[in-house]
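The structure appears right after this line, and notes come after that.
Any read-out appearing in this document is the output of simple, stated calculations on the displayed coordinates, not a laboratory observation. Keep in mind that what you see is a predicted model, and the values were worked out from it rather than measured. Cβ sites come from the backbone with ideal geometry, for glycine too, and all protein chains shown count toward neighbours.
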Amino acid sequence: MTVGGLGYYVRLLGVSIRTSLITSMQYRVDFVIQGVMSLLWTALAIFPLLVLYGDRTSVAGWDFGSALVVMGLFTIMRGVLEGAINPSLLAVVERIRSGSFDYTLLKPADAQFLVSTTRFDPWHVTDLLAGIGIIVYAFVEMGRAPGAGELAAALALVAAAVAVMYSLWILIVASAFWVVRMDNLSFLLGAVFDAARWPIHVFRGTWRFVFTFIIPLALMTSFPAMALLGTLSLRTALLSLAGSAAFFMVSRTVWTLAIRSYTSASS
């Protein structure tokens, strides 16, 4: 059952974010420790780049500063994934398995919206700040700044990247309506996502095809970085935005079909 318009869902989202923030702040020490650990993991993630570029100036056409931009975007996307997508969606599989998903369907709001906004981990905002810091440092190292058009294109592609990443996880959750155990697939996809820290041109042949068209890691980090650097063609940018919209619509269609096939625990 679905009621209300955009304002209704904005208020629901605000309530969920506020509740998650209040819950997290009840354990302030843990909140701070998790934030510090996030920054440490970011520092460790940069270390392989330092090693790789220690004795060379370019890898697959990417210099150190450009590769840092990709790393910054990867850090931002990881923060979105672990702070806003995973906390809610990973719990849905168990609810489907146990039958408690019934209660979600009884609420007066769209079920996909509810399962996507149940819980957030606010301390992952440190990932977003760290990612922005890395990108700023990269441009300082390169001695230039992105133009307004480049920044606008990058922001649009980041939004598209978030939509694609969210759609991938929705497809995993939707598949749980038909297949009992899908937990391992979500962890596998999370592990594959780690490859997005590298520019897409590092990969060759089959892997580049897979990470561009099957699991579009290129759209998640490399294409927004190229837009920010001014090296992404308009055609590629437009195709990426169209592909992201198509990916989202496919995930929504699959979710709708999955809901229709759900067998209630009370049936």
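Axis angle, to the nearest 10 degrees, between helix 148-175 and the longest C-alpha principal axis of the chain: 40 degrees. Which stretch or stretches of segment 71-113 have amide N atoms under 18 Å from the point lying 7 Å from residue 192's Cα along the Cα→Cβ direction? Backbone N within reach: 78, 81-82, 86, 90. The angle between the Cα long axis of helix 125-142 and the main principal axis of the chain comes to about 20°, on a 0 to 90 degree scale. Among residues other than residue 16 with Cβ under 15 Å from its Cβ, the summed charge is +2 (Lys and Arg +1, Asp and Glu -1).
Under 10 Å, Cα contacts only: if you run a Gaussian network model on the chain, which one of 35, 205, 147 comes out with the highest mean-square fluctuation? The residue with the greatest mean-square fluctuation here is 205. Between 179, 80, 69, the residue with the greatest mean-square fluctuation in the GNM of the chain (Cα pairs under 10 Å linked by springs) is 179. Exposure here means at most 11 other Cβ atoms within 10 Å; with trypsin sites (Lys or Arg not before Pro) in a DSSP loop as sites, the longest stretch of the chain lacking them is 57-143. Placing dummy labels 7 Å off each Cα toward the beta-carbon, the span from residue 238 to residue 41 is 3.9 nm. Within the listed set 219, 129, 52, the Gaussian network model of the chain (springs between alpha-carbon atoms below 10 Å) gives the highest mean-square fluctuation for 52.
Taken about its Cα centre, segment 6-261 carries a charge dipole of roughly 480 debye when the Cβ of each Lys and Arg holds +1 and the Cβ of each Asp and Glu holds -1.
Applying the criteria of a DSSP loop state and at most 12 other Cβ atoms within 10 Å to the chymotrypsin sites (Phe, Trp or Tyr not before Pro) of segment 155-251 yields 178. Estimated from helical segments only, the mean residue ellipticity of the chain at 222 nm is -22000 deg cm²/dmol, where each DSSP H run of four or more residues counts as -39500 (n - 2.57). When only Cα pairs below 8 angstrom with a gap of at least 6 residues are kept, the chain shows a relative contact order of 26 percent.
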